[in-house]
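Visitor: For reference, the structure I am asking about is given below.
The values are calculated or read from the model by the stated rules, or taken from the named source; none is laboratory data. In this text the structure is predicted, and so the values were computed from the model without any measurement. Cβ coordinates were reconstructed from backbone atoms using ideal geometry, including for glycine residues, and neighbour counts include every protein chain displayed. For accessibility, only protein heavy atoms count, side chains too; no ligands or nucleic acids. Shrake-Rupley method; radii C 1.70, N 1.55, O 1.52, S 1.80 Å.
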Amino acid sequence: MGDHKESQQLPWSETDKHCVLLPLQETFPTFHIKKFAAHFNLISFKKFDSDRKKYGKDIVGFLLSPAMRIVINRELLMSMPNLKVINLLSVGYEILDLEMLKELGIRASYLPDVQSDACADAAIALLLAVSRRIVEAAVQYKDNVDIISEPSRFVGREVTGSTIGIFGLGSIGIQVAERAKGFRMKILYHNRRKRSVKDDFDLGAVYVSNLYDMLPQVDFLVLCCPLTSATRGIIGTKELEAMKPSAVLINISRGRVVNTDALVDALHRGVIGGAGLDVTDPEPLTKDHPLFDLPNVVVIPHMASAALETRNRLMDLSIENIVAGIEGKPMPSEIPIK
């Protein structure tokens with residue numbers, strides 16, 4: 001397998017374990033790397049990329065993180081002629097060309113449902129942070145403790161009893177709705193299709209078939225939809241102008257669902273009241289991006305699923321998927337390639 005002792009942080013070993021390509025080292029804490037090392041012989045992408053011909057032939061599994069920001073093209077995959085499975089550390093899998101994978105005989109898996117609770121928690125956290133001006137107040141208080149004598153300085157908006165609109169009532173959207181119930185919110189949702197009557201009843205949710213009928217009603221619009229050709233850029237100037245001037249946009253789906261220039265313009269003009277963003281387009285943002293200068297915007301670095309318990313489950317499921325894929329067995333969460 002060659003000398004893989006490139007870093008003391010990675011437990012390289014000369015074993016007969018299957019060789020798996022690991023993404024950016026900083027993607028994982030050390031104990032997760034050790035967990036993978038117990039099952040696989042690991043090679044870092046940096047090492048692989050230094051001599052693809054030398055290291056590519058040994059790789060049978062690929063643990064792919066969207067954070068790598070590399071193009072998964074034919075040239076890359078052909079440099080790993082024995083690759084059997086790609087496990088994507090994501091709910092969405094739009095970065096994969098499924099037809100190409102099918103042609104090359106490579107199976108793929110992803111991580112649905114496992115992240116739903118953590119992502120829904122993050123959506124509500126962003127919603128509260130923006131509506132109650134939490135971040136803005138914390139930053140200013142640190143700089144000037146005397147503002148504690150100005151109780152009206154950071155007056156925000158109540159969440160309890162407000163109206164939430166969820167765009168995409170899948171596994172994450174359902175968990176957002178469950179949390180919204182705790183705030184006695186009126187729950188509207190827009191989907192490609194209506195959920196079952198039982199789902200609607202259990203959630204206390206009302207289906208709105210036309211997005212433009214939902215937008216003017218909501219105090220909070222939470223985006224939980226997948227990125228597809230239909231949803232790319234779907235929230236733009238027209239949609240933002242259909243919302244209340246006090247409404248807050250929350251995006252935990254994909255950055256490209258929102259037209260960023262339109263969002264910045266709408267925020268500057270007071271078309272909507274604020275935004276909480278876990279994802280952006282581009283990603284990462286430049287240091288001088290105008291979104292960072294807006295006091296009514298909270299941007300976090302694509303970390304909605306970054307809860308320890310969730311990440312542990314993600315790692316366990318990833319190991320199960322890769323082992324099954326290498327052995328030619330059914331994977332727990334295989335991406336259907338038709």
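Visitor: Evaluate region 263-273: report whether one residue or more is open to solvent by 10 Å² or more (accessible area, probe 1.4 Å), among the charged types (D, E, K, R) and touching a Leu at 6+ places or on another chain (Cβ under 8 Å).
Guide: The answer is no; no qualifying residue exists.
Visitor: If Q25 meets every condition in (1) in contact with an Asp or Glu (Cβ under 8 Å, 6 or more places away or on another chain); (2) at pLDDT below 90; (3) not hydroxyl-bearing (S, T, Y) apart from one, which number is that one?
Guide: Of (1) in contact with an Asp or Glu (Cβ under 8 Å, 6 or more places away or on another chain); (2) at pLDDT below 90; (3) not hydroxyl-bearing (S, T, Y), only one is false for Q25: (1).
Visitor: Then there is this: Which one of these is at pLDDT 80 or above, open to solvent by 50 Å² or more (accessible area, probe 1.4 Å) and in a helix (DSSP H, G or I): K17, K47, K53?
Guide: Residue meeting the stated conditions: K53.
Visitor: In region 289-319, what count of residues is obtained for those that are touching a helix residue (DSSP H, G or I) at 6+ places or on another chain (Cβ under 6 Å) and assigned to a loop (DSSP other than H, G, I, E, B)?
Guide: Count: 5.
Visitor: Mind listing just one residue for me: the one in region 230-242 that is open to solvent by 10 Å² or more (accessible area, probe 1.4 Å) and either acidic (D, E) or part of a loop (DSSP other than H, G, I, E, B) (or both) and, of those, nearest to Q217 (Cα to Cα)? Even if it seems obvious, please write down each step before you answer.
Guide: Here is the first cut: in region 230-242, the ones open to solvent by 10 Å² or more (accessible area, probe 1.4 Å) are 230-234, 237-239, 241-242.
Checking which are either acidic (D, E) or part of a loop (DSSP other than H, G, I, E, B) (or both) leaves us with 230-234, 239, 241-242.
Working: A230: 23, T231: 20, R232: 23, G233: 21, I234: 18, E239: 12, E241: 12, A242: 9 Å.
This residue is A242.
Visitor: Okay, next question. So which residues in region 179-206 are among the aromatic types (F, W, Y) and open to solvent by 60 Å² or more (accessible area, probe 1.4 Å), if there are any at all?
Guide: F201
Visitor: Here is a further query. Quick check on this structure: which one of T280, T286 is under 17 Å from C119 (Cα atoms), out of contact with any Cys (no Cβ under 7 Å at 6 or more places or on another chain), assigned to a loop (DSSP other than H, G, I, E, B) and of a type in the set (S, T, Y)?
Guide: T280
Visitor: Among the numbered criteria (1) aliphatic (A, V, I, L, M); (2) open to solvent by 10 Å² or more (accessible area, probe 1.4 Å); (3) at pLDDT 95 or above, which one does V176 miss?
Guide: (2)
Visitor: Can you tell me which of V130, V114 is in contact with a helix residue (DSSP H, G or I) (Cβ under 8 Å, 6 or more places away or on another chain) and buried (at least 16 other Cβ atoms within 10 Å of the Cβ)? Quick ask: steps written out before the conclusion?
Guide: Numbers: V130 fails: in contact with a helix residue (DSSP H, G or I) (Cβ under 8 Å, 6 or more places away or on another chain).
Sole residue among the options that is in contact with a helix residue (DSSP H, G or I) (Cβ under 8 Å, 6 or more places away or on another chain) and buried (at least 16 other Cβ atoms within 10 Å of the Cβ): V114.
Visitor: How about region 78-98: which of its residues are without any contact (Cβ under 8 Å) to a residue 60 or more places away in the chain and not aliphatic (A, V, I, L, M)?
Guide: S79, P81, N82, S90, D97
Visitor: Then there's this: Here is a list of conditions, (1) buried (at least 16 other Cβ atoms within 10 Å of the Cβ); (2) of a type in the set (F, W, Y); (3) over 20 Å from P216 (Cα atoms), and Y141 meets all of them except one; can you say which number that is?
Guide: Among (1) buried (at least 16 other Cβ atoms within 10 Å of the Cβ); (2) of a type in the set (F, W, Y); (3) over 20 Å from P216 (Cα atoms), the lone unmet condition for Y141 is (1).
Visitor: Let me ask you something else. Is there a residue being open to solvent by 70 Å² or more (accessible area, probe 1.4 Å) and over 19 Å from the mean Cα position of the chain (by Cα) anywhere in region 296-319?
Guide: no
Visitor: Let me ask something additional. Looking at (1) over 25 Å from L291 (Cβ atoms); (2) without any contact (Cβ under 8 Å) to a residue 60 or more places away in the chain, which is the only condition L128 fails?
Guide: (1)
Visitor: With V60, V114 as the choices, which residue is β-branched (V, I, T), at pLDDT 90 or above and part of a loop (DSSP other than H, G, I, E, B)?
Guide: Answer to the selection: V114.
Visitor: From the residues in region 190-219 that are in contact with a Lys or Arg (Cβ under 9 Å, 6 or more places away or on another chain) and of a type in the set (A, V, I, L, M), which one is modelled with the lowest pLDDT? Let's see the steps before the verdict.
Guide: Kept after step one, since they are in contact with a Lys or Arg (Cβ under 9 Å, 6 or more places away or on another chain), are these residues of region 190-219: 200, 203-207, 209, 212, 215-219.
Next, only the ones that are of a type in the set (A, V, I, L, M) stay: 203, 205-206, 215, 218.
Numbers: L203: 94, A205: 97, V206: 97, L215: 98, V218: 98.
Top of the filtered list is L203.
Visitor: Are any of the residues in region 164-178 touching a Lys or Arg at 6+ places or on another chain (Cβ under 9 Å) and assigned to a strand (DSSP E or B)?
Guide: Yes, region 164-178 contains at least one residue that is touching a Lys or Arg at 6+ places or on another chain (Cβ under 9 Å) and assigned to a strand (DSSP E or B).
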